[in-house]
1. If I filter the range 18-38 for residues that are β-branched (Val, Ile, Thr), part of a loop (DSSP other than H, G, I, E, B), at pLDDT 70 or above and buried (at least 18 other Cβ atoms within 10 Å of the Cβ), do I get at least one hit?
2. Hey, among the residues in the range 115-137 that are in a loop (DSSP other than H, G, I, E, B) and of a type outside the set (A, V, I, L, M, F, W, C), which one's surrounded by the fewest Cβ atoms within 10 Å (Cβ to Cβ)?
3. Hey, can you tell me all the residues within the range 219-242 that are open to solvent by 10 Å² or more (accessible area, probe 1.4 Å) and not in a loop (DSSP other than H, G, I, E, B)?
4. For the range 475-503, name all the residues that are closer than 11 Å to ARG536 by Cβ, aliphatic (A, V, I, L, M) and either open to solvent by less than 40 Å² (accessible area, probe 1.4 Å) or in a helix (DSSP H, G or I) (or both).
5. Looking at the range 610-621, which of the residues that are open to solvent by 20 Å² or more (accessible area, probe 1.4 Å) and in contact with a helix residue (DSSP H, G or I) (Cβ under 9 Å, 6 or more places away or on another chain) is nearest to LEU466 (Cα to Cα)?
6. Please find, among ALA99, ALA115, ALA179, the residue that is touching a residue at least 12 places away in the same chain (Cβ under 8 Å) and over 14 Å from LYS29 (Cα atoms).
7. Hey, does the range 215-229 have a residue that's touching a residue at least 40 places away in the same chain (Cβ under 8 Å) and either closer than 23 Å to VAL32 by Cβ or under 10 Å from the mean Cα position of the chain (by Cα) (or both)?
8. Can you name the condition, by its number, that ILE288 falls short on among (1) modelled with pLDDT under 90; (2) surrounded by 21 or more Cβ atoms within 10 Å (Cβ to Cβ)?
Amino acid sequence: MGKIRILDEHIANQIAAGEVVERPSSVIKELVENSIDAGSTKIDVTVEEGGLQLIRVADNGSGMDADDCRAAFFRHATSKIASGKDLFRIRSLGFRGEALPSIAAVSKVECVTSAQADGLGSKIVIEGGTVKSFEETAAARGTDIRVKELFYNTPARLKYMKTVQTELGHISDYMYRLALAHPQVAFTLRHNGNLLLQTLGNGDRLQVIAAIYGSSVAKGMIRVSGENPDYTVSGYVSRPELTRANRSAVSVIVNGRYIRSHALAHALLNAYHTLLPINRFPIVVLHIGMDAALVDVNVHPSKLEVRFSKEAELVRFVEQTVREALQSEVLIPAAGKSAGAKTAVVQERIDFYRTDRNDAPLPPQQRMFTQAETEPREPWRPDEANQRNGNGSSSSHSPSVGGTYPVNGDKHRRRTEAASPQIMREIAPAADGENIPQAPAFPELHPIGQMHGTYILAQNEEGLFLIDQHAAHERINYEYYYEQFGNPAQASQELLIPITLEFTPAEAELLKERLHLFELAGVYMEHFGGGAFIVRSYPHWLPRGEEKSVIEEMADWIITEKKAVDLAKLREKSAILCSCKASIKANDKLSMAEIEALLHKLRACRNPYTCPHGRPIVVSFSTYELEKMFKRVM
């Protein structure tokens, strides 16, 4: 007798349930997606005890007649595909025909449905995959499915269920994704009688965001829209000050289906380049439309993972579209309003669009002070402003808050040159092939003074502004050095006395294989034996006095980078290293002329809102907020 046998239908359904029905949220996913496919405009979900006791999904969709009500619980029974060709153009959320029989195999199911408006329908009751009854009953048009005692006949599966709150968290999370994906459907979610979600179903995705994340978050979202011959992109992304500690608030939707895609998630983070602090993530709700032939959803039973036929083009388009949306906004957060990990509060938007385009930021080629400067010039540093005033005295503005002092004495000048040299003379251009839209002008600010040697106070007709001087200088330097690292070899200079660097034997072996990477940054280094290397030349614009430490940190990064190091990433890392080393620090006193020069250069930056590490540079108090604080308005 042979060893191979055909499994009976009941065991096959239980095995399929292991793939499809992972936990209560899996049941809700399958049932609600069926309701959406049925054209429902109203879907009510009721859950008890985290879904283990009861899951009820009621909709007003097309419903089923008596024959379809019976057939729906057979394996691979579906109305959504008829031939193999249909698998390559799937537009529905469900299509495998495994969900209902898999759910019925591990629970007690009651389904009442009607495809007519005459008040008559069908009712089927199934327990553990066995049909207990089938009868005609009174029913409104649509389908009402109740799943009771999930995993009652598979105690091993039940044993590994988490707490009620954990299971409820998975349920609510997926219901949020479905609501964001289908704003045209009115959803409700109740758990043990408590209303957890309610949407209007009017097609406004921003109102769904408000229902899920709160109205303050919705007010802080930026609209995204783009279209090309293959794709359409629409949705909302959060302002940089509105973040989360993980990627849980990133929802990518393809043709109405919530998916997970590492490539698209990476594209979204790239679009926020230098706008987000380390280990913080934006809130994103992005819908991508495309021809069904360009995406394969038949990759995994859960259908959360998909395969794109033109993934590289899609990734570039999404990144470009989101970046352009961010660059079209003034991204200055309001002081006193922040986005915490648990409660997100978003700034009131302040528009600084300028009607006079003659007042736009100076183009890169225009110098900071006078056009009479014809001699070759190093990047500007703050004390140059005072030197150009003649005697080191500050300009005749209001006295500073907390003390603003002119640069005086060689000791202070030497300290400034070492710790805070070189603000850029030109703005870094856009990356090759990148089309940067015209962004709203950064507000023109009039300095008041300096606070605690760290923050610059400035004002305009809109209100009061606080500027982190280190972050501002770092941004200016970053854009300068990023441009310089685009052609580093042209600025490389030979050293009379080479710099010697020491590394461990293991590090030295790796560095010997990657010496060509230093040349890409204009640093020419060679192995000198053992763990020693000597630097023969480096670009003359490296931060003065910090050249060795910058090259050492570049080497450390190249050593620790496990993957292949690409030129763009090396250029960026090198620019960040230099900008941090060269920037003024906290407790560096600046004169009024230095403050004015710093603000002028900041205003000319391509992104004057965050430092290269994503920290905000400017925060604002609107005049209205100040008047409320002093009870001038009530």
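The values are calculated or read from the model by the stated rules, or taken from the named source; none is laboratory data. Just so it is clear, the model here is predicted, and its values are computed rather than measured. As a convention, Cβ positions derive from the backbone with ideal geometry for all residues, glycine included, and neighbour counts pool all protein chains shown. Note: accessible area is taken over every heavy atom of the protein model, side chains too, but ligands, DNA and RNA are not part of it. Shrake-Rupley method; radii C 1.70, N 1.55, O 1.52, S 1.80 Å.
1. Checking the range 18-38: at least one residue is β-branched (Val, Ile, Thr), part of a loop (DSSP other than H, G, I, E, B), at pLDDT 70 or above and buried (at least 18 other Cβ atoms within 10 Å of the Cβ).
2. ASP118
3. Within the range 219-242, LYS219, MET221, ARG223, SER225, GLY226, GLU227, THR232, SER234, TYR236 meet the criteria.
4. LEU495, ILE499
5. PHE621
6. ALA115
7. no
8. (1)
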